[in-house]
Amino acid sequence: MTPAISTLNLNTQDDVGFVVEAANTKFFVSIKFINDRGQIKPIDKHQFSKLTFDSLYTTPFIIGKLQLFDQQQQTKFIFGDYEFVGSGGEFVHIKIEQQVGPQVNNRYTILNKTFVVKRYTESKTGKIPMLNFYLADVEYGSLTYTKLPWSTYGEEMLVSDAIKNLLNTFCGKSNEIINENRWNNSYTKIDYTLHSNETPLNALYELMIKYVSAEHKDMGLLLRQGGKFNLLSLTNIFKKENNPIASIEISSNDTRTNYSKNPASNYYRNRYQLIPVNIADVLIQPKLPDTNVDLVVNHSIAAYSTKGKSFNIYNQHGTTENLKNTFDNIISNLPNGETKETDILHNNITKANKKERFVYENTNRSEYIGKTVLQSKFLNSADRISFNIPGNFLPSACKFIGIELTGVSVNPTTDNLPGHWFVLQNTTTLAEGYFNTFLVSSKFDKNKV
């Protein structure tokens, strides 16, 4: 059994840290491996190559990769008496402090977390052998490597309560890991039993698929902030979590002034410090042409009632027309939302290309499943933009960034760049001489004609 992280004493010896210099800044890094025997091995500067973390909107868990120089060039990771154990039996504690100003002791902590090692691989960069350690949040490890019975005790409960119970069972006490003030109850209920040899992570994904918010009857996202889990409906994320965590100015060699009447054109410039990004370094990915033909189409639910022994057909809430109405309402909560509308095509040609899904139900609460499935597909298929900015752990997935455009727009694609963008992915990498964040974001609206 992997030891609980609370039982590991990370202060049994002084921190053996090192300095990484990047972006004209010093970063003080401490990395320590801890195996299931309680042994601790610090990593020094000569072993460190780079550290990367990924945050994705589809999961609350941070995924990372620690790359070390394989100085011993051997298949086993051994440092003296310390031997690498393997997946689920290894923890890595990482602390990163950033120096502020010229004083060495004037610094602030940008990362201080313990991760579980999912696996490790060997590779080469040129002719240099490397060891790659793939990391994840400790809670991810608890849900992946612990196989114990779990169920809703043979009775239906709210899906939101089932998710909370699952996390409490495998990840810790509720008052330590659940933010009750940011936990939106579900409309849907479920009777669920974790199958033999399946992990609790499988159950979590199944429960999230069945989640429909009680307040807005829409999909939800499981987030993790301040060390606690948050379960928020999509509407509440757009309504209450929409302050931009970063503001970007996409610039070109065009020095002309944009006299657009669109109030969004200078919204962020007048309020925030903008991060400059050259348009040559920006990848713009419009939605695929067949998105509105085969993906974002009407979704119908055929539900069989196990109690009433009857079928229910739910068509109303899973339509693209309802999707547009819902997102028009959501978008209205964003800055200058009155000038925007949902970027979705709906016509009589694509109307016939509907999707059908069969589900079992006990309490006749599946009528909104088509809506949430369609919302999820819409999030995943919208226009995307990606670029690098100076390293920053803050623009995590499920947050927003604001974008401004300098010069005069010359095509419809750049016309729609200014505005709020939803962060789908944040990949931040720290190495000697390199501290960058790669952002992938989506936009769901367009300017009203």
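Residues are listed down the side, and each one gets a yes or a no for (1) among the hydrophobic types (A, V, I, L, M, F, W, C); (2) in contact with a Gly (Cβ under 8 Å, 6 or more places away or on another chain); (3) assigned by TED's automatic domain parsing to the domain that holds THR109:
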site	(1), (2), (3)
PHE170	yes, no, no
ASN175	no, no, no
SER186	no, yes, no
ASN197	no, no, no
ALA214	yes, no, no
ASN230	no, no, no
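Sort out which residues of the range 393-423 are over 25 Å from LEU221 (Cα atoms) and aromatic (Phe, Trp, Tyr), and write them in order of number. None - no residue of the range 393-423 is over 25 Å from LEU221 (Cα atoms) and aromatic (Phe, Trp, Tyr), so the list stays empty. Taken over the range 351-384, the residue count meeting the criterion of being loosely packed, with under 15 Cβ neighbours inside 10 Å, within 15 Å of ASP294 (Cα to Cα) and in contact with a strand residue (DSSP E or B) (Cβ under 9 Å, 6 or more places away or on another chain) is 1. The set of residues in the range 93-112 being under 21 Å from the mean Cα position of the chain (by Cα) and free of Cβ contacts under 8 Å to residues at least 40 places away in the same chain consists of ASN112 alone. Count of the range 20-60 residues, restricted to those that are within 24 Å of the chain's Cα centre (by Cα), assigned to a loop (DSSP other than H, G, I, E, B) and crowded, with 19+ Cβ neighbours inside 10 Å, is 3. For the range 284-313, the candidate set comprises residues that are in contact with a strand residue (DSSP E or B) (Cβ under 8 Å, 6 or more places away or on another chain) and among the polar types (S, T, N, Q); within that set, the residue that is modelled with the lowest pLDDT is THR306.
From the list GLY318, GLY402, GLY391, GLY407, which residue is in contact with a Ser or Thr (Cβ under 7 Å, 6 or more places away or on another chain), in contact (Cβ under 8 Å) with a residue 40 or more places away in the chain and farther than 30 Å from GLU249 by Cβ? The unique qualifying residue is GLY318.
The values are calculated or read from the model by the stated rules, or taken from the named source; none is laboratory data. Since the model is a prediction, treat every value here as computed from it, not as a measurement. Note: ideal-geometry Cβ built from the backbone for every residue, glycine included; neighbour counts use all protein chains shown.
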